[in-house]
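The values are calculated or read from the model by the stated rules, or taken from the named source; none is laboratory data. Keep in mind it's a predicted model, so treat the numbers as computed, not measured. Here Cβ is always computed from backbone atoms with ideal geometry, including for glycine, and neighbour counts include all displayed protein chains.
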Amino acid sequence: MFEFANRDFLWFLWLVPLMVVLFLVISYRRRSALGKFADPEFLAGLMPLASPGRRSLKFFLYLFAVAFIIVALAGPRFGSRLEEFKREGVEIIIALDVSNSMLARDIRPNRLERSKMAISRLASGLRNDRIGLLLFAGDAFVQVPVTSDYAAFRMILDNVTTDIVPVQGTAIGRAIDMAARSFTSESSASRVLIIISDGEDHEDDPVKSALLANEMGITVHTIGMGRPEGTPIPLGDDNSRFLADEEGNTVITRLDEATLRRIASAGNGLYIRAGTASTGLDIIMEEIGKMEREGFEELQYTEFEERFQYMAFIALLLMIIDFMIPERKSRWLNKINLFKADKK
């Protein structure tokens, strides 16, 4: 794949034909003026060191040098290639609850959108750590495997909705089990699972799963989204319709802090309740910052490899050659005639 990083500079290539036209016009007027002065053969005797050929050669050397400089400024580059990077960091998997209860608006704009904004800010501040995204409701799956491509992570995160998991519910235990199998590092000192949920687990035993994960060296933190007093789950943007059960009663979703605290305790991590000003991810990141960093090697695609330096080198070489060639013939070399006939 080939492209120019600064394509607008290529417009200056119009200077090349313009310079050629100007050179031809000036050369023609020069010959016409000299032709009025004397016969060309007579002029050759009067100006033995003059060399129209050298003048043309020097011009075209200079012309090509200008063209290569313009191409160099346009930034030619080729892609892509694999590069190996050495990093020291922590592997972090975010397990994000995408059940319908995360649409509740006791945290503005709602629990899910607030969580996504906080996760995106976290990813923007990472440098050497790797991060992955796991989504769960009644089932769990890895949406983004652990990666250092934070831009791709944030792009995928932006498209997360409650419709992305077809099975509704809140299976936190299943999410922990899935996350435990999704880490890539072997070090027990550099793996962190952050669960962001309202904690209403009706599917499995998340505390047992957190204990097993911690035995594998995974620290489990939890963040509670919502309020204990509960709130209905809106079905639209106008707050006029709310989710109801089979009997027609409005479903009230409440933050289950007790479950989230037990999960964090079993996972040797922190439980933080999200507030109006902060979700608590910054506090957890401070704890992660105290952890032992693991060194790892990672292969990444470098999109493009810059090649402007080759164009700049050719331009410099042409200008040096142009500088070294004199516009007139050398008086000393002009006296040498290897094919001069002997006088008899």
Out of all the residues in region 238-289, which are β-branched (Val, Ile, Thr), closer than 27 Å to Val207 by Cβ and part of a loop (DSSP other than H, G, I, E, B)? Val251, Thr279
In region 127-152, how many residues are charged (D, E, K, R), under 12 Å from Ile164 (Cβ atoms) and touching a strand residue (DSSP E or B) at 6+ places or on another chain (Cβ under 7 Å)? 0
For region 111-141: of the residues being in contact (Cβ under 8 Å) with a residue 60 or more places away in the chain, surrounded by fewer than 21 Cβ atoms within 10 Å (Cβ to Cβ) and small (Gly, Ala, Ser), which is nearest to Glu286 (Cα to Cα)? Gly125
Would you check if Ile194 is part of a strand (DSSP E or B), in contact with a Gly (Cβ under 6 Å, 6 or more places away or on another chain) and either outside the structural domain of Gly169 (by TED's automatic domain parsing) or of a type outside the set (Gly, Ala, Ser) (or both)? no
Any residue that is in contact (Cβ under 8 Å) with a residue 24 or more places away in the chain, within 37 Å of the chain's Cα centre (by Cα) and surrounded by fewer than 15 Cβ atoms within 10 Å (Cβ to Cβ) - is there at least one of those in region 211-225? yes
Of residues in region 143-171 being among the β-branched types (Val, Ile, Thr) and assigned to a loop (DSSP other than H, G, I, E, B), the one surrounded by the most Cβ atoms within 10 Å (Cβ to Cβ): Thr170
The lone condition Pro166 fails out of (1) over 26 Å from the mean Cα position of the chain (by Cα); (2) under 18 Å from Gly125 (Cα atoms) is (2)
Please work out if Thr250 is surrounded by 15 or more Cβ atoms within 10 Å (Cβ to Cβ) and polar (S, T, N, Q). no
Cross-chain or 6+ apart pairs with Cβ under 7 Å, region 309-328 first and under 11 Å from Phe64 (Cα atoms), then among the β-branched types (Val, Ile, Thr) and assigned to a helix (DSSP H, G or I): Met311/Val71; Ala315/Ile69
Starting from residues that are closer than 22 Å to Ala72 by Cβ and acidic (Asp, Glu), keep the ones in region 305-342 and report whichever is modelled with the highest pLDDT. Asp322
Looking across region 132-171 at residues that are in contact with a Phe, Trp or Tyr (Cβ under 9 Å, 6 or more places away or on another chain) and modelled with pLDDT of 95 or more, the single one that is nearest to Asn110 (Cα to Cα) is Leu135
